Amino acid sequence: MRRRLKIRILFGLAVLLGVWFYFSLPENLFPAEYSTVVLDRDGELLGASIATDGQWRFPMGESPSEKFEKALLYYEDEYFYYHPGVNPISTLRALWQNIQRGEVVSGGSTITMQVIRLSRQRGRTFLEKIFEMILATRLELRHSKNEILDLYSANAPFGGNVVGLDAAAWRYYGRSPSELSWSEAATLAVLPNSPGLIHPGRNRNALKLKRDFLLDKLLENGEIDSLTNRLAKTEEIPQKPKELPARSVHLLNRMRVENPGSITKSTIDLRLQEHLYEVLDRAYSKLSPNEIHNAAAIIARVNTGEVLAYIGNVASGIDHGQDVDIIKAPRSTGSLLKPFLYTAMIQEGLMMPGELVPDIPLYIDGFNPNNFDGSFDGAVPANEALYRSLNVPAVQILRQYRYEKFHSLLNDLGMSTLDTDAGRYGLSLILGGAEGTLWDMSQMYLQMGFRLANGKNSPLPVLHTEKGNPKTMEGPYPFDPAAIWHTFDALKQVIRPDEEGRWQSFSSSSTVAWKTGTSFGHRDAWAIGVTPQYVVGVWTGNADGEGRPGLTGIKTAAPIMFDILSGLEYENWFLKPTQGWKSMEICSRSGKRASDLCPETHFSQVFNSLFIQTGCDYHRKIHLDAGGNFRVTAECYPVSRMLDTTWFALPPVQEYFYSLRNGSYSILPPLKTGCRGDQFAPMQFIYPNAGSSVYIPYQLDGSKSKLLLEIAHRDKKEVVYWHIDHEYQGMTRGNHQLAIDPEPGLHTITLVDGNGEKLSRRITFLKRYKGDY
């Protein structure tokens, strides 16, 4: 009975001991904080951050190199692959040596036991040694020999605050472990044995002796030859830790947030990253004298969305905000959104690619957009307005498309910074009223390029920086390749006007679709270019938002973009889509679908949706008197004597500005005296617009100023009489501007010209109170 009880007790103890043994090893041996490490697409180190505990401790990466492994095993544990975690012979030998010397001179620890000691961080006592032996055998049951070597290499101390082989190789030799020489591998193999005593930069002779001892051992065992041994011994011992590479500081900072304490193998191409650094460094030397202290750029592959180069800012100093990652910072977009509006209009058949759009003064409830140079063309082809980046035509087009609809479209295209409703932006949305990031803008342009290059059925890539982790855009894409073709065809002009109206030429070895943007107050300057292979995005300015004269897309950002493109290899141009086209007869003068009255036409391939367009309404049939000098009607002139002809006629305000820039434009002949009521309105308001509310201007002292009204008349010699609420105000001739002194409220302005033609407009005049200034 007692024997059975003893057996049961022993069996129970054995079970308990077995359970304890099984669970004795923590699941995570090294819960310490790790550095965040970023590699390029080929595994080269781009940068690393120190761990939160102040240690340079890289996460476990690839297995140690063959040189380091052999050096380590010959120095620490020659029988590593033959023992179960504890080497009895080494343990007994160490015990005998310690007894003989009367002190601890040898520990007899295997590499497996050292992994346990490193993880437990306990004192060196006899009892602790017993625990290490037990846990080492458990570790051998859980992990393979290679995995144990990996654990040791990633967590062994290498002096100072350097932990792990990867960190040590970069800190002491400036290269990865796989690139270490035999001398370097031997040096690092002996360091963990006494990291506090033997520190690079101190005790160099002691470190050299240990390294050379190990090199001789490698020679004796046939791992290296005598020549390698001699050459290895001549190599210098490292003086002090080196600075780690800082090839993409802002991407590293981004990974510290997105993937902290891990190794990220990025999509960065080191050659292109260094090319980008060189370009921005040259650019900064030119920008800084004008107190422009920040610049950012990104290069991505169109077909995959892989970011190949990423520089969030230049090294301008902490005082100038060099730590700000501009690529992810919301900034006013300037004119960067115009191509998307242009494409949307073509996609929905609302505008021909080259049709004339109004470029005249515009006043909408206090919103008074102007072109950068302050001039007006009257009417300008839509594609020319796009590559010249004219503001007023863009606003006119957005009025037609509706800003609420465009706001929704931009959200669908991936613009992530539209954090309020469309009414908050209004028509200013197309002129930089909203903020965007260089990341989003580059992605939106990239996706247009991808859709044009790959057709409409391929999943759209999105920008990403982690290799092997491609992402695609969800949901349908709103643009057809043929519609994008029209946009890129307009954007490939290399001769563009600057903001003062001077034309500048940019050299490019191949064709590029590109667009610039400049925010209000010269605070942000952008340039984005797309080729079949790459998208290049550039921003220049000041991180604190300070504007600078000359800070424009054409002057500061575009030269950088073309400098970047000069270092890339790419094909000439996109192939024209094979589907989505029809041949249409186009009016050569207006750019609209030709009507029977257009005297000069040509045929062109256009996007299918444009066939909903009606014919050109600028060419009209008119009746002239026998001398061809005056317009007439049947009510005032014999039909038999009329001359019928076709005339290209713009509305009065467009005609006024268009004729100033186009000397070949023929002004519509005036109506013959006594003739009235033909199809052409003789007058049109320039200011104010129909249905608008206008503030009465007041001086700072509270006194009321006069308000200037303006119209255009087809006949510059004609006299115009002005009335407000039937009260005569004055007369103008030639330059039809009149200063009035209105009272607040709703009023009717009536104009009568010398032929008795009338034009009326109801306007609300508002008083601006002192608190509104």
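Points worth noting:
- Placing a label point 7 Å from the Cα of residue 666 along the Cα-to-Cβ line, the residues of region 620-635 whose backbone N sits under 16 Å from it are 620-632.
- Apportionment of accessible area to carbon and sulfur, the chain, percent (1.4 Å): 51
- Cross-link table 456/492; 467/555; 672/706; 328/456, entries beyond 26 Å C-alpha to C-alpha: 467/555; 672/706; 328/456
- Virtual spin-label span in nm between residue 728 and residue 303, 7 Å along Cα→Cβ: 7.8
- The alpha carbons of the chain occupy a box of 135, 68, 59 Å along the principal axes, longest dimension given first.
- Per-residue Karplus couplings for region 34-50, computed as 6.51 cos²θ - 1.76 cosθ + 1.60 with θ equal to phi - 60°, are listed in order as 10, 5, 8, 10, 10, 10, 7, 5, 9, x, 6, 6, 8, x, 8, 10, 5 Hz, Gly and Pro entered as x.
- Compared with the alpha-carbon gap, the fully stretched path from residue 181 to residue 673 is longer by 167.1 nm at 0.36 nm per residue.
- Average 1/r across all pairs of distinct alpha carbons in region 345-398, invert it, and you get the Kirkwood radius: 11.4 Å.
- Mean Cα-pair separation over length for region 548-606, i.e. relative contact order, pairs under 8 Å, 6 or more apart, %: 25
- Helix 126-142 and the longest principal axis of the Cα set of the chain meet at an angle near 60°.
- The stretch between residue 411 and residue 281, if pulled fully straight at 0.36 nm per residue, gains 43.4 nm over its current Cα-Cα span.
- Per-residue ³J(HN,Hα) for region 756-761, Karplus 6.51 cos²θ - 1.76 cosθ + 1.60, θ = phi - 60°, Hz, x for Gly and Pro: x, 6, 10, 9, 10, 8
- Once C-alpha pairs closer than 8 Å and six or more residues apart are averaged by separation and normalised to the residue number of the chain, the relative contact order reads 10 percent.
- Note on residue 4 and residue 131: with the Förster distance fixed at 56 Å, the Cβ-Cβ geometry gives a FRET efficiency of about 0.95.
- 1.4 Å probe accessible area per residue over region 316-358, in Å²: 28
- Nearest 10 degrees, 0 to 90: helix 391-401 Cα axis against the chain principal axis: 90
- Cut-off under 5 Å, modelled amide H: who pairs with residue 466 long-range: 267
- Degrees, to the nearest 10: 145-155 long Cα axis against longest axis of the chain: 70
- For residue 240, a cut-off of 19 angstrom between C-alpha atoms picks up these lysines, skipping any fewer than 8 places away in its own chain: 208, 210.
- Residue-normalised accessible area of region 633-773, expressed per residue, 1.4 Å probe, Å²: 55
- Length available on full extension from residue 234 to residue 375: 0.36 nm per residue minus the Cα-Cα distance, which gives 43.3 nm.
- Expected-Rg normalisation [2.2 N^0.38 Å, Cα atoms] applied to region 434-495: 1.23
- A simple spin-label model places the labels of residue 288 and residue 644 7.4 nm from each other, with each point 7 Å out along Cα-to-Cβ.
- A Förster distance of 51 Å, applied to the separation of the beta-carbon atoms of residue 634 and residue 766, puts the FRET efficiency at 0.65.
- Dividing the mean sequence gap of close Cα pairs (under 8 Å, 6+ apart) by how many residues region 681-756 holds gives a relative contact order of 30 percent.
- Computed E for residue 520/residue 546 - FRET, C-beta separation, R0 22 angstrom, nearest 0.05: 0.95
- Paramagnetic reach from residue 399 in region 616-652 [backbone N under 19 Å; point 7 Å along Cα→Cβ]: 617-618, 650-652
- The separation of region 348-408 from region 315-331, counted between C-alpha centres, amounts to 33 Å.
- Sorted largest first, extent of region 162-250 alpha carbons per principal axis (Å): 48, 26, 20
- Of the whole protein surface, residue 763 contributes about 0 Å² of accessible area at a 1.4 Å probe radius.
- Distance between the pseudo-spin-label points of residue 570 and residue 367 (7 Å out from Cα toward the beta carbon): 3.3 nm.
The values are calculated or read from the model by the stated rules, or taken from the named source; none is laboratory data. Not measured: the values here are computed from a predicted model. Cβ: placed from backbone, ideal geometry, glycine included. Neighbour counts: every protein chain shown. Accessible surface is based on the protein model in full, side chains and every heavy atom, while ligands, DNA and RNA are left aside. Shrake-Rupley method; radii C 1.70, N 1.55, O 1.52, S 1.80 Å.
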